[in-house]
1. Which count do you get for residues in segment 1-52 that are among the small types (Gly, Ala, Ser) and surrounded by fewer than 18 Cβ atoms within 10 Å (Cβ to Cβ)?
2. Applying the selection to segment 53-72, what residues are small (Gly, Ala, Ser), surrounded by 16 or more Cβ atoms within 10 Å (Cβ to Cβ) and in contact (Cβ under 8 Å) with a residue 60 or more places away in the chain?
3. Test Leu193 against the criterion of being of a type in the set (A, V, I, L, M, F, W, C), modelled with pLDDT of 90 or more and on the phi < 0 side of the Ramachandran plot, and give yes or no.
4. Does Gly44 meet the test of being closer than 28 Å to Arg195 by Cβ, of a type in the set (Gly, Ala, Ser) and in contact (Cβ under 8 Å) with a residue 12 or more places away in the chain?
Amino acid sequence: MLADVPPADVRELLAISRRRTFSKGEVVFHAGDPADSLHLVVKGSFAIRIMTPLGETATLGVRGPGESFGEMALVSPDQRRAATVGALAPSETMAVYYGEFERLRSRHPAVSGVLVAVLAAELRRMNELLLDALYVSAERRVLRRLAEPVGAYADADGLVALTQEALAQIAGTSRAQVNRVLRAQEKRGTVSLRRGGTVVLDRDALLRQARPHG
């Protein structure tokens, strides 16, 4: 995410960040909480969830190493969290707090490039999801959402800790569709279904199928 940001600016940012660790299932923050920090994911994975108008919990996405969440906290000190974020596995972040970031930016204006890179990464992610929703079949969306996290989000045993319901929400389809896709993939030997998640056995095969002409 910060590959194009000058290394000196990244070092300045990390120098003011605070290491945070989270156990599996621990909530980082709730929707409506004051937005005071950006989290850069070092290891583990985090689910981003919202409450629907019907009172149900929906998973919007997952963030893993090299990604971030809570970026709007550095844009304005008056922001409130728009979603609840919780750890899917033992995880670690480097938290950058608004006040410390503003003090750093006053001394080193160029560090603003870090925030620009974070916001640009989030915009690219949203654009990709929009294009998928408009032009990619539900089956391929499921395969993409499942295959993309492997290595980054999976635990030591290769388990992607997303329920079929959560995977359906991220892929923008139904749980029944996800179940059909996963059952078919299990017969092919590319995945193994487990309680509370899916073990990906052949990520390359999933990605080949997820391509437009796979």
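The values are calculated or read from the model by the stated rules, or taken from the named source; none is laboratory data. Keep in mind that what you see is a predicted model, and the values were worked out from it rather than measured. No Cβ is skipped: glycine too gets one built from the backbone with ideal geometry, and neighbour counts run over all protein chains shown.
1. Within segment 1-52, the subset among the small types (Gly, Ala, Ser) is 3, 8, 15, 17, 23, 25, 31-32, 35, 37, 44-45, 47.
Imposing the further condition that a residue be surrounded by fewer than 18 Cβ atoms within 10 Å (Cβ to Cβ) reduces the set to 3, 8, 15, 23, 25, 31-32.
Of the residues in that region, 7 qualify.
2. If we filter segment 53-72 for residues that are small (Gly, Ala, Ser), which is where we start, we get 55, 58, 61, 64, 66, 68, 70.
So of that shortlist, the ones also surrounded by 16 or more Cβ atoms within 10 Å (Cβ to Cβ) come out as 58, 61, 64, 68, 70.
Matches in segment 53-72: Ala58, Gly61, Gly64, Ser68.
3. Values: of a type in the set (A, V, I, L, M, F, W, C): yes; modelled with pLDDT of 90 or more: yes; on the phi < 0 side of the Ramachandran plot: yes.
For Leu193, the condition - of a type in the set (A, V, I, L, M, F, W, C), modelled with pLDDT of 90 or more and on the phi < 0 side of the Ramachandran plot - is met.
4. Here the answer is yes, as Gly44 does meet what is asked.
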